[in-house]
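Notes to accompany the following structure.
The values are calculated or read from the model by the stated rules, or taken from the named source; none is laboratory data. Remember, it's a predicted structure, so these values are computed and weren't measured experimentally. All Cβ positions, even for glycine, are placed from backbone atoms using ideal geometry, and neighbour counts span all protein chains on display. We work out accessible area using only protein heavy atoms, side chains counted, and drop any ligands, DNA or RNA first. Shrake-Rupley method; radii C 1.70, N 1.55, O 1.52, S 1.80 Å.
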Amino acid sequence: MLNEIYNLNNDVVIKLFEDLDADAVKAMKADLASYAELSSDIVIDLKDVDFIDSSGIGAIVFLYKRMVAKGKLVAVVGLNEQPKELFKMLMLDKTIHCFDSLEHYVTTAGMLKAV
């Protein structure tokens, strides 16, 4: 699984490419552990991910739980068809902040952090 990590203002953006399935999660296990150690809010950019399976959902929830325990925000941006439907079906869109795009996150994030 290809991924890219960069800073955006005071947040860390994790941009994923390809499918987020069991093989991808296994390949990025060490990365997930290091992401969970970050001390800033995290944005997971899934714009280039067309498929997520239960392992991918588990990886996102793993990261979400660890960051929220530290009082940090985790957001997902760019959900496409199948990932978006899965988030809705599992009602993760009610728990994890989801945005159509990174631009939408940037314009809204300040309001989320102020709450």
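For Val74, what accessible surface area do you get with a 1.4 Å probe? Give it in Å², rounded to 10.
0 Å²
Identify the chymotrypsin sites (Phe, Trp or Tyr not before Pro) of the range 20-115 meeting these criteria: DSSP loop state and at most 15 other C-beta atoms within 10 Å of the C-beta.
Phe51
Given that compact globular proteins tend to follow 2.2 N^0.38 Å, what is the ratio of the alpha-carbon Rg of the chain to that value?
Compared with the compact-globule rule of thumb, the chain sits at 0.97.
With +1 on the Cβ of every Lys and Arg and -1 on the Cβ of every Asp and Glu, and nothing else charged, how large is the dipole of the chain about its Cα centre, in debye rounded to the nearest 20?
Dipole about the Cα centre, nearest 20: 660 debye.
In the range 3-113, what percent of the accessible surface is made up of carbon and sulfur (1.4 Å probe, ligands and nucleic acids excluded)?
Solvent-exposed carbon and sulfur of the range 3-113 make up 53 percent of the total.
What is the gain in length, in nm to one decimal, between Val106 and Lys26 on full extension, counting 0.36 nm per residue of separation less the C-alpha to C-alpha distance?
Computed gain between Val106 and Lys26 is 25.8 nm.
What net charge is computed for the residues neighbouring Asp48, neighbours being all others with C-beta under 12 Å from the C-beta of Asp48, Lys and Arg scored +1, Asp and Glu -1?
-3
Within the range 1-107, list the GluC sites (Glu not before Pro) lying in a DSSP loop whose Cβ has at most 13 other Cβ atoms in a 10 Å radius.
Glu37
Run lengths n ≥ 4 of DSSP H only: what is the helix-derived mean residue ellipticity at 222 nm for the chain, with -39500 (n - 2.57) per run over all residues, to the nearest 500?
Counting only the DSSP helices, I get -13000 deg cm²/dmol.
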